[in-house]
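Working notes for the structure below.
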Amino acid sequence: MRVDEGYPGNADLVLSEGRPVLKRRKGRERRQSALNLEAAILDRLPDRGILDVLTRTAYLTGWTRHFGPPSGNDPKIRDALGRYVLLTFTYGANLGPAQVARHMAGKEKVSVHELSTANKHANARKIHSASVDVINAHAALDMTLLWGDGTRVGADGTQMDTWSDNLLAESHIRYGGYGGIAYRHISDNYIALFSHFIPCGVWEAVYILQGLLENKSDVRPTEIHADTQGQSLPVFGLAHLLGFELLPRIRNWQDLTLYRPGRDTRYEHIDSLFGADAVDWKLIETHWDDLMRVVVSIRAGKISSATLLRRLGTESHRNRTYRALREVGRAVRTIRPAALPVRA
């Protein structure tokens, strides 16, 4: 009702023949003082190579302590810190040990065998633990507070070329390439909280919540920004029940169906935005205990949100969990003004 009462004073959103139209807003020009500050900062920033940055962060945060032999013993390699920094550069830059060995020929020489041996000291769990150290150190810097407080995160996928003979590789019709999707969660203070590869053919919204649930750092976002691929009605519902606020940019948002709180509910100004269907509150109440059991199971790590959402992807109307989550998602997507596009 508040949205309906405030519509006459809304300068950005208007209804044209029953369809919402968002007016284009012109951005403000940057002030000269801001341009001068940017120039001064760039003038004082020294040039740093990737290896210099990796070495310095490894020394200050000690993230290399998470790497080591599978046996758990101390690494028996010469200069473990330096070797693990080179290992991170080798595979993080997608170069490979042979190319990095040639690159280091004129500096501190390292062989292909040495880099390959060090690679056995790292796995996904150890890499994520090392990432937590870097994220926490980054969040403790004064500068990051000027960018954001870590309560918001953006999620998006990028198609990455991979070798053809692996389980993830396939053609992606939307990205127009062959390989896998690197799905990333980036905090509002410009640090990657969680990144992993997903198959090309899946709906990205399936993995949007799992990345936050597996986040072990001190940065704990509660708002998720994504694109059309990062949302669906069950995802809206599950995100709300898990305590996250899903704020996607939805393609063709003018054609969204908004659901009435009751079939007899009518509005004076914005009634054309709503269809004839209403949220089935009775269905939500009936299966509320089922929804709570699902949420507790996800929080306890008994089942992943990605596994659950994949099972619900078939939109089986016989599945009571799907139907209840869908109704919660209908209510959440309709109620929140953030379900409509918001300008950055």
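Scan the stretch 217-231 for residues that are over 10 Å from E204 (Cα atoms) and among the polar types (S, T, N, Q) and jot them down.
S217, T222, listed by residue number.
Do you know which of the residues in the stretch 170-207 that are of a type in the set (F, W, Y) and in a loop (DSSP other than H, G, I, E, B) is farthest from G92 (Cα to Cα)?
Ranking the candidates gives W203 first.
Is it the case that some residue within the stretch 67-80 is without any contact (Cβ under 8 Å) to a residue 24 or more places away in the chain, surrounded by 13 or more Cβ atoms within 10 Å (Cβ to Cβ) and closer than 19 Å to S111 by Cβ? Even if it seems obvious, please write down each step before you answer.
We begin by selecting, within the stretch 67-80, every residue without any contact (Cβ under 8 Å) to a residue 24 or more places away in the chain; these are 71-74, 76, 78-80.
Cutting the leftovers down to surrounded by 13 or more Cβ atoms within 10 Å (Cβ to Cβ) gives us 80.
Subsequent filtering for residues that are closer than 19 Å to S111 by Cβ retains 80.
Yes, the stretch 67-80 has at least one match.
Tally up the residues in the stretch 226-254 that are in contact (Cβ under 8 Å) with a residue 60 or more places away in the chain, of a type outside the set (G, A, S) and in a helix (DSSP H, G or I), please.
Count: 11.
Taking the stretch 94-122 only, how many residues are free of Cβ contacts under 8 Å to residues at least 40 places away in the same chain, part of a loop (DSSP other than H, G, I, E, B) and surrounded by fewer than 18 Cβ atoms within 10 Å (Cβ to Cβ)?
10
If I ask for residues that are under 22 Å from L273 (Cα atoms) and among the hydrophobic types (A, V, I, L, M, F, W, C), which ones from the stretch 13-34 would you list?
Scanning the stretch 13-34 gives L13, V14, L15, V21, L22.
If you go through the stretch 141-148 one residue at a time, do you hit one that is part of a helix (DSSP H, G or I) and either free of Cβ contacts under 8 Å to residues at least 24 places away in the same chain or more than 28 Å from the chain's Cα centre (by Cα) (or both)?
yes
Looking at the structure I just gave you, is V153 touching a Ser or Thr at 6+ places or on another chain (Cβ under 9 Å) and in the same structural domain as W203 (by TED's automatic domain parsing)?
Against the criterion (touching a Ser or Thr at 6+ places or on another chain (Cβ under 9 Å) and in the same structural domain as W203 (by TED's automatic domain parsing)), V153 qualifies.
Please state which one of T257, T307, T265 is touching a strand residue (DSSP E or B) at 6+ places or on another chain (Cβ under 8 Å), of a type in the set (S, T, Y) and closer than 25 Å to T228 by Cα.
Within the list T257, T307, T265, the selection yields T257.
Looking at R44, R24, can you tell me which residue is outside the structural domain of D255 (by TED's automatic domain parsing), at pLDDT below 85 and exposed (fewer than 13 other Cβ atoms within 10 Å of the Cβ)? Lay out the reasoning, then the answer.
On the way: R44 fails: at pLDDT below 85.
It is R24.
What are the residues in the stretch 81-92 that are surrounded by 15 or more Cβ atoms within 10 Å (Cβ to Cβ) and either charged (D, E, K, R) or under 22 Å from S217 (Cα atoms) (or both), if any?
Result: R83, Y84, V85, T88.
The values are calculated or read from the model by the stated rules, or taken from the named source; none is laboratory data. Just so we're clear, the structure is a prediction, and the values are computed from it rather than from any experiment. Positions of Cβ are generated from backbone atoms using ideal geometry, with glycine treated the same way; all protein chains shown enter the neighbour counts.
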